[in-house]
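*Asks:* For reference, the structure I am asking about is given below.
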Amino acid sequence: MTTHARKRIGVFGAGAVGGHIGTRLSAAGLPVVLLDLAERVAAGPPEHAVDARGGIHRRGEDLVLTSDVAALSDVELCLVSVKAAHTEGAAQTLAEVLAPCVPVVSLQNGLRNPGRLRTHLSHVIAAVVGFNVVTGPRGATTETVPGKVYLGEGQTPASNRALEAMASALRRTGLPTEIRSDIEAVATGKLLLNLNNGIGGATGLGIVAMLADSDARACFSQCLLEGRRLMAAAGRPIARVGPLGARAVAASMRLPTWLVKATAPVGPTAITSTLADLRAGRATEIDDLNGEIVDVAQTLGKSAPYNAVVVEAVRAHERSIAAGAQPQWVRPAQLRARMASRRASAGKLATR
Ligand SMILES: NC(=O)c1ccc[n+]([C@@H]2O[C@H](COP(=O)([O-])OP(=O)(O)OC[C@H]3O[C@@H](n4cnc5c(N)ncnc54)[C@H](OP(=O)(O)O)[C@@H]3O)[C@@H](O)[C@H]2O)c1
């Protein structure tokens with residue numbers, strides 16, 4: 001490996017995504033610095049990451065887990081993998097510690113995090129993580145739904161070399177990684193698939209249980225088609241993320257339960273990150289997910305009744321948790337009925 005490729009990669013936020021990608025980069029021989037809060041650092045760096053096929057990727061020698069931001073001062077590329085609520089703070093911290101030419105790659109969901117980072121940083125690259133991953137004991141991560149990593153393009157030859165080095169390292173560990181010139185379209189495609197987040201958050205169901213419930217699947221299908229229609233109306237290009245496009249995924253949700261269960265490549269512990277946040281008592285990213293569709297509708301002078309109902313249900317859970325109460329999960333059939341009723345009222349308003 002060249003001296004250039006030996007420069008370190010920083011990861012701001014060593015949770016599920018950051019811990020997984022950081023460990024796999026380290027397993028491929030790249031030196032990595034994982035930054036997280038002091039509580040997590042006490043447990044030590046993750047020993048391994050498990051891929052979607054059950055393959056174990058043991059970390060390399062040069063993996064550091066620290067809560068000292070100064071450790072990021074000499075990285076050649078920094079990945080950001082905190083939740084949306086922490087992006088602004090991460091951007092401010094990184095602006096103080098990184099050299100201005102260092103590219104910062106947002107591995108986060110939604111469409112707004114690169115913009116939040118750009119308010120403090122000059123070289124921000126959007127990326128999309130197409131797999132689902134959960135954290136287990138001692139920070140070990142497990143991919144529960146397979147998928148690719150999509151990286152946007154850098155602004156300089158040096159940043160593109162660093163991105164290429166990272167992409168080849170991830171590929172060496174068997175994680176398919178592409179560098180894309182249409183990363184905004186990829187992010188929009190991923191956002192549409194992520195609309196299942198709100199369904200998991202509203203109902204309290206893990207992904208396997210959601211897929212086993214025809215009402216939950218119908219709710220997801222309706223949110224997806226509504227999101228796709230509104231994004232198209234807003235002139236936003238949509239790229240396919242994964243084997244099926246948004247319309248085909250929506251159609252697949254209408255198939256019989258036995259067929260969905262037999263064909264969906266989902267591990268038993270998979271949950272949406274919205275549900276993971278609610279279970280952990282944290283604020284969710286719902287405004288960046290189903291809430292994004294509601295916002296796009298408003299910008300167009302239209303409504304997004306299906307996604308709006310889902311956002312309201314998740315916000316109600318957030319309020320319950322903030323008040324110290326347990327969320328009252330909404331049964332999928334009840335959520336579907338609420339969505340139908342809101343759609344009917346929106347239709348009446350539109351025809352008045
Ligand atoms: N998990 C997935 O399957 C998946 C897949 C694709 C995309 N994404 C997206 O990737 C992003 C990260 O998600 P995630 O699931 O990896 O979240 P996560 O597991 O909660 O990881 C975020 C990590 O950042 C830490 N953190 C927060 N503030 C920090 C700070 N100021 N300094 C250092 N560390 C800080 C968190 O610590 P605390 O826990 O103590 O707050 C946590 O360890 C989100 O935008 C998510 O939507 C997730």
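*Asks:* How long are the three semi-axes of the equivalent ellipsoid for segment 187-351, computed from the Cα gyration tensor as the root of 5 times each eigenvalue, in whole Å, largest first?
*Replies:* 22, 21, 15
*Asks:* Okay, moving on. Less than 11 Å Cβ to Cβ from L193, Lys/Arg counted +1 and Asp/Glu -1: what total charge do the surrounding residues give?
*Replies:* Charge balance in the 11 Å sphere: +3.
*Asks:* In a shell of Cβ-Cβ distance under 10 Å around S303, excluding S303 itself, what net charge do Lys and Arg (+1) and Asp and Glu (-1) give? Before the final figure, lay out each step's value.
*Replies:* Numbers: positive: K302, R342, R343; negative: E226.
With Lys, Arg at +1 and Asp, Glu at -1, the net is +2.
*Asks:* Mind checking the alpha-carbon convex hull of the chain and giving the volume per residue in Å³?
*Replies:* 131
*Asks:* Which of the lysines could be linked to K190 by a straight reach, that is with a Cα gap under 25 Å, when you skip same-chain ones fewer than 8 residues away?
*Replies:* K83, K148, K261, K302
*Asks:* Return the Cα extents of segment 4-181 along principal axes one, two and three, sorted largest first, each rounded to a whole Å.
*Replies:* 38, 35, 32
*Asks:* Give the percent of DSSP beta bridges with both residues in segment 4-181 that are antiparallel, rounded to the nearest 5.
*Replies:* 30
Taken together, the values in this text are just the output of simple stated rules run on the coordinates, not laboratory data. What you are looking at is a predicted structure, and each value in this text was computed from that prediction instead of being measured. Backbone-built Cβ (ideal geometry, glycine too); neighbour counts: all protein chains shown.
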